[in-house]
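Following: one structure in structure tokens, then a few remarks.
The values are calculated or read from the model by the stated rules, or taken from the named source; none is laboratory data. None of the values given here were measured: they were computed from a predicted structure. Every residue, glycine as well, gets a Cβ built from its backbone with ideal geometry; the counts of neighbours run over all protein chains shown.
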Amino acid sequence: MENGKQVVDGNLEGIKKSLEGSLKRLKTDYIDLYYLHRVDPNVPIEDIAYLMKDFIKQGKIKHWGLSEAGIETKPMQYVF
């Protein structure tokens, strides 16, 4: 939040911290479906997809998804 307004911040370090926090709060080693609820236009979706791929390889998440992704968000079917 900045000046009382929600700010989308999808930097990769922030996503990593959020995932680790979720795992700790849920007292689990993995999450079945990890959602990014906002797409940060300042972070390439490809970078996020590769980060999610790393989380899957590490066994921290099984699957991931996006909500509120606009038409301009490129399909990532070829990343995996």
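Filter the range 1-26 down to residues that are out of contact with any Asp or Glu (no Cβ under 8 Å at 6 or more places or on another chain) and among the charged types (D, E, K, R) and give me whichever is modelled with the lowest pLDDT. Steps first, answer last, please.
Initially, the range 1-26 is screened for residues out of contact with any Asp or Glu (no Cβ under 8 Å at 6 or more places or on another chain), giving 1-7, 13-22, 24-26.
Imposing the further condition that a residue be among the charged types (D, E, K, R) reduces the set to 2, 5, 13, 16-17, 20, 24-25.
Numbers: E2: 60, K5: 67, E13: 92, K16: 94, K17: 91, E20: 95, K24: 97, R25: 96.
This residue is E2.
From the set of residues in the range 27-79 that are hydroxyl-bearing (S, T, Y) and either surrounded by fewer than 15 Cβ atoms within 10 Å (Cβ to Cβ) or out of contact with any Ser or Thr (no Cβ under 9 Å at 6 or more places or on another chain) (or both), which is modelled with the lowest pLDDT?
Applying the first criterion (hydroxyl-bearing (S, T, Y)) to the range 27-79 yields 28, 30, 34-35, 50, 67, 73, 78.
Still in the running and either surrounded by fewer than 15 Cβ atoms within 10 Å (Cβ to Cβ) or out of contact with any Ser or Thr (no Cβ under 9 Å at 6 or more places or on another chain) (or both): 28, 30, 35, 50, 67, 73, 78.
Numbers: T28: 98, Y30: 98, Y35: 92, Y50: 93, S67: 81, T73: 69, Y78: 53.
Checked the range 27-79; the qualifying residue modelled with the lowest pLDDT is Y78.
When you scan the range 22-43, do you find a residue that is touching a residue at least 12 places away in the same chain (Cβ under 8 Å), closer than 25 Å to I71 by Cα, under 13 Å from the mean Cα position of the chain (by Cα) and in a helix (DSSP H, G or I), even just one?
Within the range 22-43, not a single residue is touching a residue at least 12 places away in the same chain (Cβ under 8 Å), closer than 25 Å to I71 by Cα, under 13 Å from the mean Cα position of the chain (by Cα) and in a helix (DSSP H, G or I).
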